[in-house]
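Laboratory data are not the source of any read-out in this text; all were calculated from the coordinates shown. Keep in mind the model is a prediction, meaning the values are calculated, not measured. FYI the Cβ positions are ideal-geometry reconstructions off the backbone, even for glycines, and counts take in every protein chain you see.
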Amino acid sequence: MKYLFTAMLATLLTGCAGPDIQQYQAVTPQLDPAEYFSGVTDAWGMFQKRNGEVTKRFHVEITGSQQDGVLTLDERFRYDDGTTQQRVWRLVRDGEGRWRGTAADVQGEAQGTAAGNALRWQYTLLLPVDGTSYAMQFDDWMFLIDRCTMINRASMRKFGIEFGQVTLTFRRRACNP
């Protein structure tokens, strides 16, 4: 019985595992976050509850610049209800295909791994809701479609339970595919 339980648990955990970033290693175009986010990028996105209901839509203007090995992303959000928000990321390379980053509303350091056309970005965001901040774990998967366009799908979790997903489409302003 103990072996059956162990086998079932292993199967369950394996079934919950996501894709391995390395499976995208040979996929082109290759994504270099420093190259893609240099300059101005627009993104359009939405937040969905775990039942699929869209509860928030937004536009983000991202201005990326590099200095002394630091990629700074100044994100300006405008939500469908008229509210605005700013987040400034500071990212640094941490070896081949690895990135780490900080932002004022991110707890600790974000960790990222790039391979081929993909970037997996994981962090804990302090999300304000009705005057209280909740530490939510984000697991972002970004995929470069062509040199101008990228799609991002993020899962938002707390205590391992998914609360919703964020989907974004990025488009570089000064870019011709």
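Per DSSP H run of n ≥ 4, the term is -39500 (n - 2.57); total these for the chain, divide by its residue number, and report the mean residue ellipticity at 222 nm rounded to 500 deg cm²/dmol. Before the final figure, lay out the partial values.
Details: 2 runs with 19 residues, N = 177.
-3000 deg cm²/dmol, from helical runs alone.
Considering only the other residues whose Cβ falls under 13 Å of the Cβ of residue 145, what net charge follows from Lys and Arg at +1 and Asp and Glu at -1?
Working: positive: 147, 153, 171, 172; negative: 146.
Combined, the nearby Lys, Arg, Asp and Glu give +3.
Counting alpha carbon pairs within less than 8 Å and at least 6 residues apart, what relative contact order, in whole percent, applies to the chain?
Working: 397 pairs, mean separation 35.9, N = 177.
Relative contact order for the chain comes out at 20 percent.
Listing 150, 46 from the residue with the fewest other Cβ atoms within 10 Å to the one with the most, what is the order?
Details: 150 24, 46 15.
Ordered from fewest to most neighbouring Cβ atoms within 10 Å, 150, 46 come out as 46, 150.
For the residues 139, 80, 68, what sequence is obtained by ranking on other C-beta atoms within 10 Å, fewest first? Please report the intermediate quantities before stating the final value.
On the way: 139 16, 80 12, 68 5.
Fewest-to-most Cβ neighbours within 10 Å comes out as 68, 80, 139.
Show me, for region 44-49, the HN-Hα J-couplings you get by feeding each phi into the Karplus relation (A = 6.51, B = -1.76, C = 1.60, θ = phi - 60°), rounded to Hz, glycine and proline as x.
In residue order, the calculated couplings are 10, x, 8, 10, 10, 5 Hz.
Tell me, 75, 162 in order of fewest to most beta-carbon neighbours within 10 Å? Before the final figure, lay out each step's value.
Numbers: 75 17, 162 13.
Exposure proxy ranking, most exposed first: 162, 75.
Which of the following values of Rg and Dmax of the Cα atoms in Å was calculated from the structure shown: (1) 62.4, 196; (2) 17.5, 62; (3) 15.5, 45?
Given (1) 62.4, 196; (2) 17.5, 62; (3) 15.5, 45, the structure-derived one carries the label (2).
Let a ≥ b ≥ c be the square roots of the eigenvalues of the Cα gyration tensor of region 93-164; is it rounded (a/c under 1.5), or, if not, prolate (a/b larger than b/c) or oblate? Spell out each step's value before the answer.
Details: a/c = 2.28, a/b = 1.65, b/c = 1.39.
Since a/c reaches 1.5 and a/b is larger than b/c, the shape of region 93-164 is classed as prolate.
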